[in-house]
1. What's the number of the only condition in (1) within 20 Å of residue 35 (Cα to Cα); (2) buried (at least 24 other Cβ atoms within 10 Å of the Cβ); (3) modelled with pLDDT of 85 or more that residue 244 fails to meet?
2. Looking at (1) surrounded by fewer than 24 Cβ atoms within 10 Å (Cβ to Cβ); (2) modelled with pLDDT under 85, can you tell me which one residue 207 breaks?
3. Output the number of residues of the stretch 415-435 satisfying the condition of being in contact with a Gly (Cβ under 9 Å, 6 or more places away or on another chain) and farther than 12 Å from residue 222 by Cα.
4. Taking the condition of being among the β-branched types (Val, Ile, Thr) and either closer than 19 Å to residue 421 by Cβ or touching a Ser or Thr at 6+ places or on another chain (Cβ under 6 Å) (or both), how many residues in the stretch 209-264 meet it?
5. Among the residues of the stretch 151-188, which ones are farther than 22 Å from residue 250 by Cα and assigned to a helix (DSSP H, G or I)?
6. Loosely packed, with under 15 Cβ neighbours inside 10 Å, in a helix (DSSP H, G or I) and either out of contact with any Asp or Glu (no Cβ under 7 Å at 6 or more places or on another chain) or not assigned by TED's automatic domain parsing to the domain that holds residue 416 (or both): is that true of residue 128 in this structure?
7. If residue 355 meets every condition in (1) hydrophobic (A, V, I, L, M, F, W, C); (2) out of contact with any Phe, Trp or Tyr (no Cβ under 9 Å at 6 or more places or on another chain); (3) at pLDDT below 90 apart from one, which number is that one?
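The values are calculated or read from the model by the stated rules, or taken from the named source; none is laboratory data. The shown structure was predicted, so the numbers you read here are calculated from the model rather than taken from an experiment. When we count neighbours, we look across all protein chains shown, and the Cβ atoms used for this are built from the backbone with ideal geometry, even at glycine.
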Amino acid sequence: MIHKQVINHRQTAWLVGSVLMTAMMISSLHKIVAISKMDAWFSQIFPVGYAIVVAFVLAELSRAYPGKNLFEILFIVCGKWIGGFINLILLGYIWIILTLDIKGASEFFRQTLLPRTPVEIILIVFVLLMMYYGRTSLEVAARVNEIYFPAYFVLSMMLYFLLGNEYNVERLEPILSTDLAKIFASNLLPIGIYGDILLFGAFLHASTHPRLFFAAMKHGIIIVGFTVSMLLLILLGVMGFTIASRLNFPIFILVQQIHVTDFLDRIEIILFSLWFPAFTIKVIVAYLAFLVCLGSFGGQQHYNAFNLPSGWFLVVTSLLAFPRVYDFDTFLSYTLPVIVLVIQIPLLLFLYIHARMNRTMDTQVTIPKGTKLYRFYRFMVWTGGIALGGCLVTLVAGDLFVDKSVFAGFFTAGMYLVFFFIALIASYGEMQALNHGKQKLGQGKRAGSFRQ
């Protein structure tokens, strides 16, 4: 039953990381590099901000309509017919996400690891795995994700050290020499992938504390932004923008350049063994959201009835969609961001207004005001917001006022990374403060007081 799913803050943050980051390995990073060249690693700040806004609106909906998911809220707010029409649009949007992921993963396997296996076989096996998890719930996917995503994240961060002998800083110079308009354009492309954060609207009923739910999603989003920025920085430092912009799967090729010793030169197999389960969790989350959306039309508490027909529908449509990798790349890079902005912005603005109008007084005050924990929480919130703003200010100031010297360029880039890292640490502190406040509030209710 979908209404009995509960996931904690850590699982939420890591699920967000899997949903947004794992698709980058088969996504259009080379398109971003082609637009902003050696400054492509500045392409994550606007998508991160957009995803945080979406997460905030979802948290407001969870607070205003507790125990309801996004599709049920649309039926409540818009009625049977208009709400059903909007849910049909969202169902088509989730189908697009699933088709892109399934076909993209199948082509990735065929071109890199299984060149002699027909893409139809790879696709069917992948969908059968999805259908198996479709019989379970988000809790199962969240527990499996706790095993693989941290290892994948750590290995991604270690790429800089593993590729130290291949890295050349001169390939990044001159920093911020790309026109600011092109950097802004490169920030628009990842919005198509970061828009997948809307999938968590299907699981709002799994959130019992909206403020902690938002903090966890924000932490996961910033993890993705910082990690992808570092991966792009490593990619450009190892290959340069000319080669990186021409590769269909640049991160996979990047990992193939690791040669720790003369006999340990297949590190991409290790990375793939960690990436594939995490990416599978991403597709499973989208598939479960698809089933929940279908179930909302009939008031179904059990969505297993839609599992088998939905799986075979995805098999057929994915086989027919995107016959070439070029078509997949073009749609993912240029069409999907437009679809995300056209669908999500009006919908979320409308729902946010209704959530603010219908929200009662917030009874889930996680941290009482005046306590040290509350002051720490506010400090983390402000620090994270100022740090993200500092990334943007550093980027603009570096383009407008820096004299393009080598030292000034590296100083600007260093400040950008420092601000991004501070935002990452602050988001973690915010999430942990809210979690400790929730625990102490529960203890205080049993003991009659709250001390901190």
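1. Every listed condition holds for residue 244 apart from (3).
2. (1)
3. Going through the stretch 415-435 one residue at a time, the tally reaches 5.
4. Keep residues of the stretch 209-264 that are among the β-branched types (Val, Ile, Thr), which gives 221-224, 227-228, 234, 238, 242-243, 251, 253, 255, 258, 260-261.
Remaining after also requiring either closer than 19 Å to residue 421 by Cβ or touching a Ser or Thr at 6+ places or on another chain (Cβ under 6 Å) (or both): 221-224, 227-228, 234.
Residues meeting the conditions: 7.
5. Residues satisfying the conditions are 180, 181.
6. Details: loosely packed, with under 15 Cβ neighbours inside 10 Å: yes; in a helix (DSSP H, G or I): yes; either out of contact with any Asp or Glu (no Cβ under 7 Å at 6 or more places or on another chain) or not assigned by TED's automatic domain parsing to the domain that holds residue 416 (or both): yes.
For residue 128, the condition - loosely packed, with under 15 Cβ neighbours inside 10 Å, in a helix (DSSP H, G or I) and either out of contact with any Asp or Glu (no Cβ under 7 Å at 6 or more places or on another chain) or not assigned by TED's automatic domain parsing to the domain that holds residue 416 (or both) - is met.
7. (2)
Yes or no, residue by residue, for (1) in the same structural domain as residue 213 (by TED's automatic domain parsing); (2) touching a Phe, Trp or Tyr at 6+ places or on another chain (Cβ under 7 Å); (3) part of a helix (DSSP H, G or I); (4) at pLDDT 75 or above:
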{"site": "411", "(1), (2), (3), (4)": "no, no, yes, yes"}
{"site": "414", "(1), (2), (3), (4)": "no, no, yes, yes"}
{"site": "418", "(1), (2), (3), (4)": "no, no, yes, yes"}
{"site": "421", "(1), (2), (3), (4)": "no, yes, yes, yes"}
{"site": "426", "(1), (2), (3), (4)": "no, no, yes, yes"}
{"site": "433", "(1), (2), (3), (4)": "no, yes, yes, yes"}
{"site": "436", "(1), (2), (3), (4)": "no, no, yes, yes"}
{"site": "451", "(1), (2), (3), (4)": "no, no, no, no"}
